[in-house]
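The values are calculated or read from the model by the stated rules, or taken from the named source; none is laboratory data. Note that the structure is predicted; figures quoted are calculated from it, not measured. Reconstructed Cβ throughout: ideal geometry from the backbone, glycine too, with neighbour counts over all protein chains shown.
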Amino acid sequence: MGRFGLIFKSIAKGRVTEKYPFAPIELPEGFRGKPEIDPEKCIGCGACATVCPPSAIQIHVDEEQGYKTIDLFLGRCIFCARCEEVCPAEAIRLTKEFELAAASEEDLHQVVKLKMAKCAGCGRPFDTVRHLQFIAEKLPEEQKPMLALCPDCRAKLASKILTVAARRHR
Amino acid sequence: MMFKKSLWVFHLNSGSCNGCDIEVLNIFTPKQDVERLGIKLVGSPRHADAIAFTGPITRECLPKAIEAFMAVPEPKIVLAIGSCACGGGIWFDSYAVIGGIKEFYKILKEKHGIEPPTTIYIPGCPPKPEAIIYGVALARKAVEQKQKSEIFVEESDIDDAATLFKEATSTRHFIPKIEVIKRGE
Amino acid sequence: MTWVALAVNILFVLFYAPLMDGIERQVRARLQCRKGPPITQTWWDILKLLRRPPVAPEKAVRPIFNLAPLVAFAALLTAFILVPTLLPHSITFWGDLILVIYLMNSATLALVFGGFASQNPYAHIGADREVNIFLVEELALAFVIVTLAIVNGSLTIEKLFPVQLKLSVAIALIAFVVLVYIASARIPFDIPEAEPEIVEGALIEYSGSQLAFAKYAIYLKRLLLFSLLLNFVLPRNGVVRPLLFVIALPILSIIYASIEAYCGRYRVTEAIRLLKRISIVTMISWVIAIAGW
Amino acid sequence: MVDKILAEYGAVVLDRNAKRLVVQVDDKQLRPLAEKLFESGFYYANGVGVDERGLGHDFAMYHVFASEKDKLYLVVKVSTSNLKLPSITPVIPGSNWAEREAMDMLGLEFEGHPEPERLILPDDWPKGVYPLRKEFDYNERPEFVERKPESTPQRTDVVQLPLGPYHPALHEPEYFEIHVDGEVITDAKYRGFHIHRGMEKLAEGRLTLNQVPFLAERICGICGFTHSIAYCQAVADAAGLDWPERAKYIGVILLEIERLHSHLLWVGVVFHLLGFDSGFMHMWRIREKVMDIAEALTGNRKTYGLVLIGGMRRDIDESRKNWVLKTLTELREETERVSKDIFGMKELINRIKGIGVLPKEDARALGVLGPVARASGIDTDVRRDHPYLAYDKLDFKVPVYPEGDVLARLLVRYDEIIESFRLLEQALSEMPQGDVMIEDYTIPSGRVGLGATEAPRGEDVHFVITGVESKVYRWHPRAPTYNNLPSVPIMLRGNNIADAPIIIASIDPCFSCTDHVAIVRKGKVIWKGPLGEGVKQVGR
């Protein structure tokens, strides 16, 4: 039929254009849209930042103020949902939101600032309060005091205990 | 608003993987058909009202991108399409790219003294065609901007770990409150 | 009365020319299963362009580059003083078909010069192709005019419109229908401004209001060609004429745009070969006209 | 047979499995061995220069050869302590770019290379800085040096126009230089690599093994998924992993969806280049449905991001499977109907008949791949010759046309669209139950792995050396366009300039695929479309 066949078919087909932006569109289940951190659930463990391929989630530690900042920059996010997969607290998930355009780059940031706990030994802030609690819930009671120490102090303490034990053994 | 009814776009691939380029092309196909909104793709930057960057702007593309950018008459709109153009994407700190539109503006400012024009950031990898349409509608101020920067700050008095564990043992599910600051409101 | 009619005609063409492009865009969109732009879209484009500042490229020959779109626009408007459109009254004005064709061609040439003056390689190629096609097209057009002149015994617009239908005239008119298609630079003959290849050819360096006038001139040229075609066949007087004229224009648009939507672009050589064939047809019509049929 | 040749040239076998063989040869034996391999049916698949100082060796060059007949990938390693190696380009033209790439990125020298010029880095890149050496940090940004003016003198016998790199026809920056005699093309040169994004270094530097699939997917926004699969196959090959059956089928389904969308896109673009915009609109209207399927299955229209080293991240549930099957049946009918009408437009078809011919011998010498090779009469398809995922359990035909012109390339792709529909239907209905991901694995370090997939444009070959602490030591992807582009000058020669754009587009060039590594620094460059005819007049 050639070109005339095609013309007739096009007319028969009619218009296929959707109405967007004047009408919303349907999105399939499982669509990977904007990632959102639930600030009430986030424990600041940093697992998401570690797996994020483009480093769109970055962690900054402010030792003076005692805050840990989780900075999610949508303008670099590749919407791969790895963060959702690894988050132990189910705090970050991908919504169906895709209308993310913004007039300034600042609007593309989502920042969660979490309070950090000071080490019982040296007094240096070392981990978020929530992360410690999260671990504490899974630890047996007798090991919990160790959590109050930063990794450095913990190592020192551990070596001390070991030396004492070794001496005793001897 | 000059571009309310008619907006001509010059599309510049500044080192993109093609994903965004295809989606830019895609909005002209029957399903989305943005010609109905008066949007047209033009081949010459001189004809354009808006310039669409896709890609993190590679070193090799940089001089050409500056040239094309300057050829678009003022006033112009810049559409930074895709995560690469917005913030450098997965390559943001690689040796071969300059890392997104913001860095591009810095270079423009330093070398040519040009102030950045109105810019619409459209994140996505690649953004859905509808997301691009939404971005253009935002440039025309036809829709409200949904995406706002959010800063959540945890408010809590406890800051030393020793007291924390005293408290934690008594109330297992103690969770400190959080304060939300939304910028732009 | 004539002046009022003239003013009405000019206003009509000024208003309708961009609208016609809008209609054609809509037709093409429908044939591609799209919603397409509103028919006022071309108007919005032009209004926007008029508000934008023109930027001249550094290397351009400024006087020619800046003037070219205005010259083209003015030449075509002048042609519309001669060619009756909605109201037939301007027919009594002086001037003949040759003048109309000259005005139309000077508009084309103005844009070609503008393209050369811009010093852009794409514009050069576009302008160059334009000239190529234009030269061959001219030959065919000349034979059409000569045929009509012989049959009607005159070249004045007053005598020519509408033409007497004879065998030679019929052949010439059919050739003219094709020529109108080619001269209005539609696919597959939009080679001079082929978008995917050389980016609107001669117009590449134009921007803002200059681009608006250049585009306007192109739309006016299409309308002028349609008007000439309709004038040859429509009755000259009466209330029916404006009515028929207004109905016939969109119909022509629909037909031409449908053909345009379902053709691939020719190479320049192919286009020229086709034009040469049309020239032969028009030459035959001329011979037939001399023979008196 | 291969073993006999290898023994003859004193090659030492380092590692072997059913699909690939790694050997090491002495640098003096390399060129004769390469020549012998080429004669016995091997083509050049990939070339990787590696800075092996971190593994306790010197610099090395890995040449990868492939053969459909032997169903084998052969990795030939040559080491060097003084950065000098013999070039094999004189005997296998296909290795030209790979060697120049190693010169650029690592500072290796190839003795006897016909055009030892910089290929990869930008014009303003300082000399003596080699990004792929281990001492270079991935995020180091050396100072811009002065751009050298084009070295090629202005020629008077050819018309040169600085067209591009932003040409509206291709929506990607690239340059072609076409030398014209009258209206006929006498020679053409390519210059591109504007999209070199430093991906290989990034993979070694910032990313971990399981992040690289996402990077690999962004090699190309059209055919990215097949790259991420190829990468995971390469790592799986190095570590000896095997995916669960269901993951393999899901991989096939997504790969075929990607092929469908890519081919429909290409057919549309060809019509657009021919000025037939309605054809473009119809093809893309059909393609839109394919994108919907991809979105429903993966959550994104492109860059599916579904694959990790252990398998697939998402399963396909029953109801969605049925919906996809139904939609595919409708799509297949629609595609056949519209294509039948378009193929009925005689003058359109005649326009692309007999132009851009690539003879079979040249195609083989350059190692041309995929639909371009199949349109030149080379019966090659990774899916059949080196089966991966579940392709060995599915039934499909490999279309081969002997003409070698643009029309043949269109027909090959059209046949592949239809085959893809068939493959999808089979894979969806035969998919076994089970897991889609293995979580429990270890990746040994310092192992060589090779992964090959059939991308819509041809064969992707990914080469991996695993590193410590779940990093890659070296990763080198080779996209099909890398092998196909050098054939364009041959296709162009002798043709009318009017046909240049359609010929170039006929290989379905995907410059971003190729540009992950290189930059040509040659002559004044031109991409001239059918403006060509105009070019002739201007030059007169």
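With respect to residue C:149, is the statement that it is touching a residue at least 12 places away in the same chain (Cβ under 8 Å), of a type in the set (A, V, I, L, M, F, W, C) and touching a Phe, Trp or Tyr at 6+ places or on another chain (Cβ under 9 Å) true?
Values: touching a residue at least 12 places away in the same chain (Cβ under 8 Å): yes; of a type in the set (A, V, I, L, M, F, W, C): yes; touching a Phe, Trp or Tyr at 6+ places or on another chain (Cβ under 9 Å): no.
It is false that residue C:149 is touching a residue at least 12 places away in the same chain (Cβ under 8 Å), of a type in the set (A, V, I, L, M, F, W, C) and touching a Phe, Trp or Tyr at 6+ places or on another chain (Cβ under 9 Å).
Give the range B:54-70 a look and list any residue that's under 16 Å from residue B:102 (Cβ atoms) and surrounded by fewer than 20 Cβ atoms within 10 Å (Cβ to Cβ), or say none.
B:66
Look through the range C:97-156, keep the residues that are of a type in the set (D, E, K, R) and surrounded by 18 or more Cβ atoms within 10 Å (Cβ to Cβ), and return whichever of them is nearest to residue C:169 (Cα to Cα). Walk me through it before giving the result.
Step one: list which residues in the range C:97-156 are of a type in the set (D, E, K, R), which gives C:128-130, C:137-138.
Right, trim to surrounded by 18 or more Cβ atoms within 10 Å (Cβ to Cβ) and you get C:128-130, C:137.
Values: C:128: 32, C:129: 30, C:130: 28, C:137: 18 Å.
Looking at the filtered set, the residue picked out is C:137.
On the given criteria, is residue B:12 more than 9 Å from chain D (Cβ to nearest Cβ) and either modelled with pLDDT of 90 or more or surrounded by 23 or more Cβ atoms within 10 Å (Cβ to Cβ) (or both)?
No.
Tell me, yes or no, whether the range A:113-123 has at least one residue that is facing another protein chain (nearest Cβ under 7 Å), within 13 Å of the chain's Cα centre (by Cα) and either farther than 14 Å from residue B:149 by Cβ or not acidic (Asp, Glu) (or both).
Yes; the residues of the range A:113-123 include at least one that is facing another protein chain (nearest Cβ under 7 Å), within 13 Å of the chain's Cα centre (by Cα) and either farther than 14 Å from residue B:149 by Cβ or not acidic (Asp, Glu) (or both).
Only one of these conditions is not met by residue B:60: (1) part of a helix (DSSP H, G or I); (2) of a type in the set (D, E, K, R); (3) in contact with a Pro (Cβ under 7 Å, 6 or more places away or on another chain). Which number is it?
Looking at each condition in turn, residue B:60 falls short on (1).
Working carefully through the options C:5, C:75, find the one that is farther than 30 Å from residue B:28 by Cα and modelled with pLDDT of 90 or more. Can you show your working first?
Details: C:5 fails: modelled with pLDDT of 90 or more.
Step by step, each of C:5, C:75 is checked, and only C:75 is farther than 30 Å from residue B:28 by Cα and modelled with pLDDT of 90 or more.
Within the range A:49-67, how many residues turn out to be closer than 12 Å to residue B:153 by Cβ and more than 9 Å from chain B (Cβ to nearest Cβ)?
Here the count works out to 2.
Go through the range A:28-58 and report how many residues are crowded, with 17+ Cβ neighbours inside 10 Å, assigned to a loop (DSSP other than H, G, I, E, B) and in contact (Cβ under 8 Å) with a residue 40 or more places away in the chain.
9
Pick out the one residue from C:41, C:26, C:32 that is touching a His at 6+ places or on another chain (Cβ under 9 Å), of a type in the set (S, T, N, Q) and closer than 30 Å to residue B:37 by Cα. I'd like the intermediate steps shown before the answer.
Values: C:41 fails: touching a His at 6+ places or on another chain (Cβ under 9 Å); C:26 fails: touching a His at 6+ places or on another chain (Cβ under 9 Å).
One residue alone meets the criteria, C:32.
Of the numbered conditions (1) of a type in the set (D, E, K, R); (2) surrounded by fewer than 24 Cβ atoms within 10 Å (Cβ to Cβ); (3) in a helix (DSSP H, G or I), residue D:315 satisfies every one except a single condition; which is it?
Result: residue D:315 fails condition (3) only.
Report those helices (runs of 4 or more DSSP H) wholly inside the range C:1-117 carrying at least 3 residues which are of a type in the set (Ser, Thr, Tyr).
Numbers: elements: C:2-31, C:41-51, C:62-82, C:97-117.
Qualifying helices (runs of 4 or more DSSP H): C:97-117.
Restricting the search to the range D:256-280, which residues are in contact with a Ser or Thr (Cβ under 6 Å, 6 or more places away or on another chain) and either aliphatic (A, V, I, L, M) or within 14 Å of residue D:335 (Cα to Cα) (or both)? Before you say what the answer is, go through the steps one by one.
The first filter runs over the range D:256-280 and keeps only residues in contact with a Ser or Thr (Cβ under 6 Å, 6 or more places away or on another chain), leaving D:256, D:259-260.
Matches in the range D:256-280: D:260 only.
Among the residues of the range B:133-155, are any crowded, with 24+ Cβ neighbours inside 10 Å, within 16 Å of residue A:108 (Cβ to Cβ) and either more than 7 Å from every other protein chain (Cβ to nearest Cβ) or in contact (Cβ under 8 Å) with a residue 60 or more places away in the chain (or both)?
no
Hey, can you tell me all the residues within the range B:108-132 that are closer than 27 Å to residue A:78 by Cα and away from chain A (no Cβ under 14 Å)? Reasoning before the result, please.
Just the residues of the range B:108-132 that are closer than 27 Å to residue A:78 by Cα, to begin with: B:108, B:116-132.
Once the filter is applied, which keeps residues that are closer than 27 Å to residue A:78 by Cα and away from chain A (no Cβ under 14 Å), the range B:108-132 yields only B:108.
Run down D:99, D:135 and say which single residue is assigned to a helix (DSSP H, G or I) and not hydrophobic (A, V, I, L, M, F, W, C). Explain how you work it out, then say what you get.
Numbers: D:135 fails: assigned to a helix (DSSP H, G or I).
Among D:99, D:135, only D:99 is assigned to a helix (DSSP H, G or I) and not hydrophobic (A, V, I, L, M, F, W, C).
Determine if the range D:160-180 includes at least one residue that is facing chain B (nearest Cβ under 9 Å), assigned to a loop (DSSP other than H, G, I, E, B), touching a Ser or Thr at 6+ places or on another chain (Cβ under 7 Å) and modelled with pLDDT under 80.
yes
Pick from D:263, D:282, D:272: which is more than 29 Å from residue A:83 (Cβ to Cβ) and within 23 Å of the chain's Cα centre (by Cα)?
On the way: D:282 fails: within 23 Å of the chain's Cα centre (by Cα); D:272 fails: within 23 Å of the chain's Cα centre (by Cα).
Only one candidate qualifies: D:263.
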